[in-house]
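One structure is given below, encoded as C-alpha cells.
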Amino acid sequence: MIDNHINGFDKQQWQDSIATKPYWPVLKQMQDQGYKLDHNALYRGDSFKTLTPRERYFYPTFHTNSLYYIDAVQAQSPQQVFDIGCGMNVWKKFYDNVIGVDPQDPRADIRLDFDRFKQAYIQSAYGLVDSCISIGTMNMFVSIKFLLQNLCDFIKCTKIGYRGYVTINLCGMMSRGTPKEHKEELFGVSNPDAEQVSKYCNAIVEELPGISIIIYDNFITDKFNEYMDGNLRLVFEREV
Ligand SMILES: C[S@@+](CC[C@H](N)C(=O)[O-])C[C@H]1O[C@@H](n2cnc3c(N)ncnc32)[C@H](O)[C@@H]1O
C-alpha cells in the first residue's frame, strides 16, 4: 500500500522557494493590492454561498499551495494546460499556458463540461491536449464508487510523456455524491470513517494504470481544508 505522501508538500521548502518563481511578481502585486499570502497546505473551510469556494476565500487571503503542484506539471513544458472545472480561472494569472474549462462560470475560456470537453478535445493519446489539471471538480456530485473510473478518464486527457494534476474533495464526495448503498457496499458501513476512506483512496491511486506518481498528498484524515484545493492530490506523469 502506498504512503499518504510521496514527494509531498513541504511548507517550509515552499515558503523559502516561492520568491524565486517566475510568477512571484504576480504574487507580489497581489500583496501590494492588500492580499495576505498563505503558504499552508491546509486551511479551515467554512460553508460558502458563491458558485465556487475559491471566490469565498479569495480575498483577503490567497492560498498558494496549488501552485506547488501545478509547477510540477509545468516542469515538462506543456504547450497548454487545460484547467477542468476552472471556476474563476485563477491559475491563468500565474501561467500563460493555462486555459480554463467550465460549464457554468463565465470566466472560463471554454464553456464545456468535462464530458463535452473530452469529446471535443481528446482525440487520441497523441491528440491535442498536452496537460490537464482539475482542482476540486472531479468530486462534484459523483459517488466514490466511481473514483477509479473517473481518475482513469481524467488521466487519459493528458498526453503520454506529459503530466497532469487532479485533486478530490473527499468530504464533498462522501457527503453529497455517495449514496448510502455505495458506502455500505464498499466499506461495510453507512458511515465509514476518514481512515477507511483514506485507505480506500490509496489503494485506488496505487492501482491507476499507465502513470508514474510524481507527487501524492493524502490529507483525508487531517482536520481542515474541507472545501478547497482538495484533500487528495495527485500529480502524475502519463507513461502509456
Ligand atoms: C469546487 S469548484 C472548483 C473551482 C476551481 N477548480 C478552483 O479550484 O477554484 C468546481 C467547479 O466545477 C465546475 N463543474 C461542475 N460540474 C462540472 C463538469 N461536469 N465538468 C467540468 N466542470 C464542472 C463548476 O462549475 C465549478 O466551477
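Given the chain, what percent of its DSSP beta bridges are antiparallel, to the nearest 5?
Just about 50 percent of them are antiparallel.
Checking every one of the GluC sites (Glu not before Pro) in segment 142-240 against DSSP loop status and a limit of 11 other Cβ atoms within 10 Å picks out Glu239. Which pairs break 18 Å Cα to Cα here: Lys93/Lys118; Lys145/Lys183; Lys118/Lys183? Going by Cα-Cα distance, Lys93/Lys118; Lys118/Lys183 fall outside the 18 Å limit.
Taking the average, over residues, of other Cβ atoms within 10 Å as the packing measure, peptides 72-83, 3-14 rank 72-83, 3-14 from highest down.
For a 4.7 Å threshold on C-beta separation, the list of partnerless cysteines in the chain reads Cys86, Cys152, Cys171, Cys201. Sorting 102-113, 56-67 by average packing, meaning the other beta carbons within 10 Å per residue, from highest down gives 56-67, 102-113.
For the chain, adding -39500 (n - 2.57) for each run of n ≥ 4 DSSP H residues and dividing by the number of residues yields -8000 deg cm²/dmol at 222 nm. Between His5 and Asp153, the FRET efficiency from the beta-carbon distance, with R0 = 35 Å, is close to 0.90.
The chymotrypsin sites (Phe, Trp or Tyr not before Pro) of segment 132-240 that meet both conditions, a loop assignment by DSSP and at most 12 other Cβ atoms within 10 Å of the site Cβ, are Phe141. With the Kirkwood sum run over all distinct C-alpha pairs, the chain has a hydrodynamic radius of 18.2 Å.
Just so you know, all these numbers are worked out from the coordinates, no wet-lab data involved. This one's a predicted model, so the numbers in the text were calculated from it and none came from an experiment. Here the Cβ is made from the backbone with ideal geometry for all residues, glycine too, and neighbour counts use every protein chain on show.
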